[in-house]
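In what follows, a structure is listed as structure tokens, so that the remarks can point back to it.
The values are calculated or read from the model by the stated rules, or taken from the named source; none is laboratory data. This is a predicted model, so every value here is computed, not measured. Glycine also receives a Cβ, built like all others from the backbone with ideal geometry; neighbour counts cover every protein chain displayed. When the accessible area is computed, the model is the full protein with side chains, heavy atoms only, and any ligands, DNA or RNA have been set aside. Shrake-Rupley method; radii C 1.70, N 1.55, O 1.52, S 1.80 Å.
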Amino acid sequence: MRRVWQLLLISIVLGGAGLALFAYQSLRWFEHGDGWLAQPQGPVPAAAPVVFEIERGMGLAAIGQALAAQGLIEHPRLWRLGARYRGLDDQLQAGRYEIAPGEPPAALLAQFVAGRVMSFELVIVEGSRVSDLLARLRSAPELKRTLTAPDMQNVLAAIGRPAGPAEGLFFPDTYRYRAGDTDVVLLRQAYDRMQDTLSEVWRQKAEDLPFSTPVELLTMASIIEKETGSPSDRAQISQVFVLRLKKKMRLQTDPTVIYGLGDAFDGDLKRVHLRTDTPYNSYTRHGLPPTPIALPGRAALEAAAHPADGDYLYFVSRGDGTSEFSKTLEAHNAAVRRYQLSGGQQGADRG
């Protein structure tokens, strides 16, 4: 009888030790992905990042089985037990994830709970147009397209904002989005960013500017954006245009003419275009065009709100991205002869 009890005690001790060893190895596998439990029992583990999607309503067991099916974990039941032990089994967020090879099971769980889903970038370029922005949205990867052709004709109304011309009203920047986000969400973000930025710049603008509304300042900023890519020239170009407006002179800036030509412009601006009247032709009409002509960035907005000092009335491109400024038509014509190539002129430079 004593022998039986000894054998029973030994069995209990060994069984307990076995259970303890199994529990230790299970925990090691869950936390670090190694140990003798980390032996492939199905698909070969991924050798490159894998896209894994948790669909809405997907349960913990189904997620574990899907992870195993894609070779991301070996023991879906242990993974599920680990999630439940930590009280996280109902906190996994739906979405599309990029899983690095060899990611430990616990790290996968943390990624799903935190909702660190794949993200993408949409870049709105300074000086581009709303039509360019809409084209980018149509080709953006993993972005849900909800805007239809009629919506494109009234973009602001389509995103739930007051209807009207949309040109210039979206802030150029890099926007991040998740797979499945909609084009409307991104447009609203860019619109709201422009409204906030424009309001801030308008509140801090210089005194005695010839703008009665923030949209007029925005329109001027869009012209400055298209006239130069040189940061050092923006404020001085702003000074030229502000002074011209004050003196009731025409702005005479080529980018407005080009915008008014629309799809008819083939890249070659001719003198006949300057004489063809449109609402945007600043050679035939006084004042600002009826809307912005592009999406200006912060620097152009600041330049429009804070023109440089000076009494220049003309400028011409030097051909290196910078401009030569003149106070008189005579000096300006000399600068045109000195710098202008191919006969093309731009920016208050035709007298």
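Here the extension length gained between Arg56 and Met249 equals 63.3 nm, from 0.36 nm per residue of separation less the Cα-Cα distance. Solvent-accessible area per residue in region 223-351 equals 46 Å², computed with a 1.4 angstrom probe and all protein chains kept.
Loop-located chymotrypsin sites (Phe, Trp or Tyr not before Pro) across region 250-320 with a Cβ neighbour count of 15 or fewer within 10 Å are Phe265, with loop assigned by DSSP.
A straight Cα-to-Cα reach below 20 Å connects Lys270 with the aspartates and glutamates Glu227, Asp254, Asp349, residues fewer than 8 places away in its own chain not being considered. How much length is gained if the chain between Ala69 and Arg176 is pulled fully straight, taking 0.36 nm per residue apart and subtracting their Cα-Cα distance, in nm to one decimal? Contour length minus the Cα-Cα distance gives 35.5 nm. Tell me, what % of the accessible area of region 106-179 is carbon and sulfur with a 1.4 angstrom probe? Percent of accessible area from carbon and sulfur atoms in region 106-179: 51. From the square roots a ≥ b ≥ c of the eigenvalues of the alpha-carbon gyration tensor of region 120-162, which class results: rounded (a/c under 1.5), prolate (a/b over b/c), or oblate? Judged from the Cα gyration tensor, region 120-162 comes out oblate (a/c at least 1.5, b/c at or above a/b). Less than 5 angstrom separates the built amide H of Lys327 from those of Leu313, all sequence-distant by 5 or more or on a different chain. Backbone geometry of region 187-199 corresponds, through the Karplus equation with coefficients 6.51, -1.76 and 1.60 at θ = phi - 60°, to 3J(HN,Hα) couplings of 5, 5, 4, 5, 5, 5, 4, 5, 4, 5, 5, 5, 4 Hz, x marking Gly and Pro. Counting only lysines at least 8 places from Lys247 when in the same chain, those with an alpha carbon closer than 22 Å to its own are Lys205, Lys327. Taking every alpha-carbon pair within region 220-279, the share separated by more than 19 Å comes to 37 percent.
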